[in-house]
């Protein structure tokens, strides 16, 4: 009997405890827990995603290059829509009736394919300009289930630097699976710095909750905005570019195919990166993007192709500077070494032609007058060095030097789609010649021809390494990120493995190529008051006129700028490459072009190598 009473008491206590728990829980839900009321009122509220302002982009001098502008996506909740007058909707939106019908057709298809939910808002019409939305908003009450959601899109302050800035576009399905931050319809950086620094520039999305009436009209903030989550603006980005120099370079390259890359040698900061032909970056924002992108993508001049990063060209005679340095470091020549030239390098089996100049020449004069025969001798001395035992070992050693200069591999710049160029090794030629080849077989490499390919940014980087007398920094376009730091790899110097003393005769030869007397190949590049050093190059082109190349830096001591210019089908290096490079250097250092060189500037501005209608060449 006693046990029964005890069990009854225990069971009673358990029931009482459970009842108290349920009572307390119910009390908390109804009185103290705001989320209960928040959930209960969900049928009268609407969540609106707050998109952050994307970080602004400035040039190195503080000029605003990229800002933001507001547009509105017209959203729809399909289940809330009622029968409406499509003609009136079209007029209210300021678009054609046929377009509205297509939009409804797309919505129905997406519903059938379960790409969207009839209960959830989705985009009906993208990126309505503010001025149009203002008028449409006054009539929104007539169209139940529709509302406007503010978006931020880019505004490009200038028509320049499209290949550096890149563009922003809608994220696709495959990318959504890898990037949980984004949802369907979100925008992100697709190319250029917009892509590289996307996480810094994008900011963080927020959300606001508004009360709506039975017609879907907003009636004010829900619970005084207590549950709103403010968006966090993206970080501002300061570029290494000099906008004025970039603009000037693009003018010089108008109606030409090619590129200019200008670097500050001491830091690796890219001062200008011109890809020509280019395009106005504003063409790829707003509703017009869908129409403009296919046109740009199918343009036969490939304006979307980033030539400074992706084009591969033979370096031509500019490569003689590197051959001279390798020869000096390997000890197979000295600055006083002299080789003869009888209009070229001639053997029984092969001849490499050259232009007329005094002979024999020492190293400095060989650069000044760009002697092909001299560097055929140097190249063979490197490959046939008895120390290596075979030209195969010599060639691989030669390649190691080129890799140290940044050739044959991506430099690791902060712009996407960088090309590698190509530097052959012994295995490559073994496959071609079944293992039977000699230094004479690959002699074209001596003068920057043959299978050797370099990108314009690699050539500008090589020029910076010469200007620095033996080291380079990875070229980059980000100078400062708001409340953040740029990658540390851009601060690290890369040494080329050549003694600094060996640069003296090479740099002197580059100086004499511009400032020397008869036979100097680049006298047109002389800048009054500026000691500029440079080297011409002509890249053979089997598809037409040769390409004009020029590398240069200035001043000779304590260099501030290094430049590589490629003009496709521009023939000799002195024809276009040298004038354009020297004008870029003069503009950067002096801010204006000397009156004695105005005729050169005008000639470059007027030259048209695309339409073949120039009359001054």
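Residue-by-condition table, conditions (1) touching a helix residue (DSSP H, G or I) at 6+ places or on another chain (Cβ under 8 Å); (2) surrounded by fewer than 20 Cβ atoms within 10 Å (Cβ to Cβ); (3) at pLDDT 95 or above:
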position: 504; (1), (2), (3): no, yes, yes
position: 513; (1), (2), (3): yes, no, yes
position: 528; (1), (2), (3): yes, yes, yes
position: 532; (1), (2), (3): yes, no, yes
position: 547; (1), (2), (3): yes, no, no
position: 552; (1), (2), (3): yes, no, yes
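Residue 103 versus (1) surrounded by 13 or more Cβ atoms within 10 Å (Cβ to Cβ); (2) touching a helix residue (DSSP H, G or I) at 6+ places or on another chain (Cβ under 8 Å); (3) not in a loop (DSSP other than H, G, I, E, B): which is the lone unmet condition?
Among (1) surrounded by 13 or more Cβ atoms within 10 Å (Cβ to Cβ); (2) touching a helix residue (DSSP H, G or I) at 6+ places or on another chain (Cβ under 8 Å); (3) not in a loop (DSSP other than H, G, I, E, B), residue 103 violates only (2).
May I ask you to verify whether residue 134 is outside the structural domain of residue 482 (by TED's automatic domain parsing), touching a helix residue (DSSP H, G or I) at 6+ places or on another chain (Cβ under 8 Å) and outside any strand (DSSP E or B)?
On the way: outside the structural domain of residue 482 (by TED's automatic domain parsing): yes; touching a helix residue (DSSP H, G or I) at 6+ places or on another chain (Cβ under 8 Å): no; outside any strand (DSSP E or B): yes.
Considered against the rule, which asks whether it is outside the structural domain of residue 482 (by TED's automatic domain parsing), touching a helix residue (DSSP H, G or I) at 6+ places or on another chain (Cβ under 8 Å) and outside any strand (DSSP E or B), residue 134 comes out as no.
Being in contact with a strand residue (DSSP E or B) (Cβ under 7 Å, 6 or more places away or on another chain), within 21 Å of residue 242 (Cβ to Cβ) and crowded, with 24+ Cβ neighbours inside 10 Å narrows it down to one residue among 521, 536, 565; which is it? Steps first, please.
Working: 521 fails: within 21 Å of residue 242 (Cβ to Cβ); 536 fails: within 21 Å of residue 242 (Cβ to Cβ).
Of 521, 536, 565, the one residue that is in contact with a strand residue (DSSP E or B) (Cβ under 7 Å, 6 or more places away or on another chain), within 21 Å of residue 242 (Cβ to Cβ) and crowded, with 24+ Cβ neighbours inside 10 Å is 565.
Quick one: is residue 496 closer than 25 Å to residue 309 by Cβ, touching a helix residue (DSSP H, G or I) at 6+ places or on another chain (Cβ under 8 Å), assigned by TED's automatic domain parsing to the domain that holds residue 354 and buried (at least 20 other Cβ atoms within 10 Å of the Cβ)? Spell out the reasoning first.
On the way: closer than 25 Å to residue 309 by Cβ: yes; touching a helix residue (DSSP H, G or I) at 6+ places or on another chain (Cβ under 8 Å): yes; assigned by TED's automatic domain parsing to the domain that holds residue 354: yes; buried (at least 20 other Cβ atoms within 10 Å of the Cβ): yes.
So residue 496 passes the test.
For residue 210, which of the numbered conditions (1) modelled with pLDDT under 85; (2) outside any strand (DSSP E or B); (3) surrounded by 15 or more Cβ atoms within 10 Å (Cβ to Cβ) fails to hold?
Unmet for residue 210, out of (1) modelled with pLDDT under 85; (2) outside any strand (DSSP E or B); (3) surrounded by 15 or more Cβ atoms within 10 Å (Cβ to Cβ): (2).
Note down all Cβ pairs under 7 Å where the first residue falls in region 455-479 and is assigned by TED's automatic domain parsing to the domain that holds residue 165, the second is surrounded by fewer than 24 Cβ atoms within 10 Å (Cβ to Cβ) and at pLDDT 95 or above, and they're at least six residues apart or on different chains.
none
Determine which member of the set 162, 90, 135 is closer than 20 Å to residue 237 by Cβ and out of contact with any strand residue (DSSP E or B) (no Cβ under 7 Å at 6 or more places or on another chain).
Answer to the check: 162.
For the subset of region 304-323 comprising residues that are touching a strand residue (DSSP E or B) at 6+ places or on another chain (Cβ under 6 Å) and assigned to a loop (DSSP other than H, G, I, E, B), which member is nearest to residue 416 (Cα to Cα)?
Of region 304-323, the ones touching a strand residue (DSSP E or B) at 6+ places or on another chain (Cβ under 6 Å) are 306-308, 312-318, 321.
Now drop any that are not assigned to a loop (DSSP other than H, G, I, E, B), which leaves 306, 312, 314-315.
Details: 306: 10, 312: 16, 314: 22, 315: 22 Å.
Among them, the one singled out is 306.
Would region 138-149 turn up any residue that is closer than 19 Å to residue 54 by Cα, touching a residue at least 12 places away in the same chain (Cβ under 8 Å), within 30 Å of the chain's Cα centre (by Cα) and part of a strand (DSSP E or B)? Please lay out each step first, then the result.
Restricting attention to region 138-149, the residues satisfying the condition of being closer than 19 Å to residue 54 by Cα are 149.
Those still in the list that are touching a residue at least 12 places away in the same chain (Cβ under 8 Å) too: 149.
The next check asks that each one be within 30 Å of the chain's Cα centre (by Cα); those that pass are none.
Scanning region 138-149 turns up no residue that is closer than 19 Å to residue 54 by Cα, touching a residue at least 12 places away in the same chain (Cβ under 8 Å), within 30 Å of the chain's Cα centre (by Cα) and part of a strand (DSSP E or B).
Given the options 427, 404, 417, name the one that is surrounded by fewer than 20 Cβ atoms within 10 Å (Cβ to Cβ) and in contact with a strand residue (DSSP E or B) (Cβ under 9 Å, 6 or more places away or on another chain).
On the way: 427 fails: in contact with a strand residue (DSSP E or B) (Cβ under 9 Å, 6 or more places away or on another chain); 417 fails: in contact with a strand residue (DSSP E or B) (Cβ under 9 Å, 6 or more places away or on another chain).
So the residue among 427, 404, 417 that is surrounded by fewer than 20 Cβ atoms within 10 Å (Cβ to Cβ) and in contact with a strand residue (DSSP E or B) (Cβ under 9 Å, 6 or more places away or on another chain) is 404.
In region 279-310, how many residues are at pLDDT below 95 and buried (at least 23 other Cβ atoms within 10 Å of the Cβ)?
2
In region 435-452, is there at least one residue being in contact (Cβ under 8 Å) with a residue 12 or more places away in the chain, assigned to a strand (DSSP E or B) and touching a helix residue (DSSP H, G or I) at 6+ places or on another chain (Cβ under 8 Å)?
So the first thing to find is which residues in region 435-452 are in contact (Cβ under 8 Å) with a residue 12 or more places away in the chain, and the list is 437-452.
Among the residues that remain, those that are also assigned to a strand (DSSP E or B) are: none.
Looking for residues that are in contact (Cβ under 8 Å) with a residue 12 or more places away in the chain, assigned to a strand (DSSP E or B) and touching a helix residue (DSSP H, G or I) at 6+ places or on another chain (Cβ under 8 Å), one finds none in region 435-452, hence no.
The values are calculated or read from the model by the stated rules, or taken from the named source; none is laboratory data. Model, not experiment: these values are computed from the prediction. Glycine gets a Cβ as well: all are built from the backbone with ideal geometry, and neighbour counts include every protein chain shown.
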